[in-house]
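Read through the structure below, which is laid out as structure tokens, and then see the notes.
Derivation of every value follows stated rules applied to the coordinates shown; laboratory data play no part. It should be emphasised that the depicted structure is a prediction, and the values quoted were computed from it without experimental measurement. Positions of Cβ are backbone-derived with ideal geometry, glycine not excepted, and every protein chain shown enters the neighbour counts.
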Amino acid sequence: MWWWVLIWALLLVCAAVYIGSRLWDLWDRSKDFGREVMIAQERLDQVQGQLDLLGEKISSPDQLAVFGDPAALRKEHERARARQRHERAHRRAGRRPTWARHVD
């Protein structure tokens with residue numbers, strides 16, 4: 001009869017050890033998850049700050065290209081491209097060796 005009590009006590013101890021190990025693993029995973037959430041929150045704060053800066057640049061929907069005049073936007077785009085080409089040529093000319101620079 002005592003051996004039945006001993007078997008049940010052993011089963012209860014084994015179950016307690018198993019449940020304890022599972023709970024310990026769950027606690028470790030929840031701590032890791034908390035760390036990941038904190039890292040994600042920091043990244044989100046950085047991106048949100050950049051998004052706020054971009055939102056300040058566009059104050060009204062009229063400034064969006066979708067609502068603009070296509071001909072005016074095309075001219076503005078061509079002027080911007082020409083300006084960028086000129087700036088790029090100027091930068092490249094400054095980096096050329098002396099023997100390859102234009103004399104005029």
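Put +1 on the Cβ of every Lys and Arg and -1 on every Asp and Glu Cβ in the chain; which of Ala15, Gly55, Gln84 then has its Cα farthest towards the positive end of the dipole?
My answer, from the dipole projection, is Gln84.
Got a sec to turn the phi values of the range 64-80 into Karplus ³J(HN,Hα) couplings, 6.51 cos²θ - 1.76 cosθ + 1.60 with θ = phi - 60°, whole Hz, x for Gly and Pro?
Those phi angles translate into 6, 5, 5, 9, x, 6, x, 5, 5, 5, 5, 5, 5, 5, 5, 5, 5 Hz.
Put a dot 7 Å past each Cα toward the Cβ at Ala16 and Trp99; how far apart are the dots in nm?
8.9 nm
Applying 1/(1 + (r/R0)^6) with R0 = 41 Å to the Cβ-Cβ distance of Ala89 and Gln48, what FRET efficiency is obtained, to the nearest 0.05?
Efficiency computed from Cβ-Cβ geometry: 0.60.
Which of these values of volume of the Cα convex hull per residue in Å³ was calculated from the structure shown: (1) 91; (2) 239; (3) 261?
Only one listed value fits the structure, namely (3).
Determine the dipole magnitude for the chain: charges of +1 sit on the beta-carbon of Lys and Arg, -1 on that of Asp and Glu, nothing else is charged, the reference point is the Cα centre, and the result goes in debye to the nearest 20.
Using Cβ point charges on Lys, Arg, Asp and Glu, the chain gives about 1040 debye.
Assuming 0.36 nm per residue, please report the length gained on full extension of the stretch Ala9 to Asp28 beyond their Cα-Cα distance.
4.0 nm
Distance from a point 7 Å along Cα→Cβ of Ala65 to each backbone N in the range 82-100: keep the residues under 20 Å and list them by number.
Correct set: 82-88.
Run lengths n ≥ 4 of DSSP H only: what is the helix-derived mean residue ellipticity at 222 nm for the chain, with -39500 (n - 2.57) per run over all residues, to the nearest 500?
Mean residue ellipticity, 222 nm, calculated: -29000 deg cm²/dmol.
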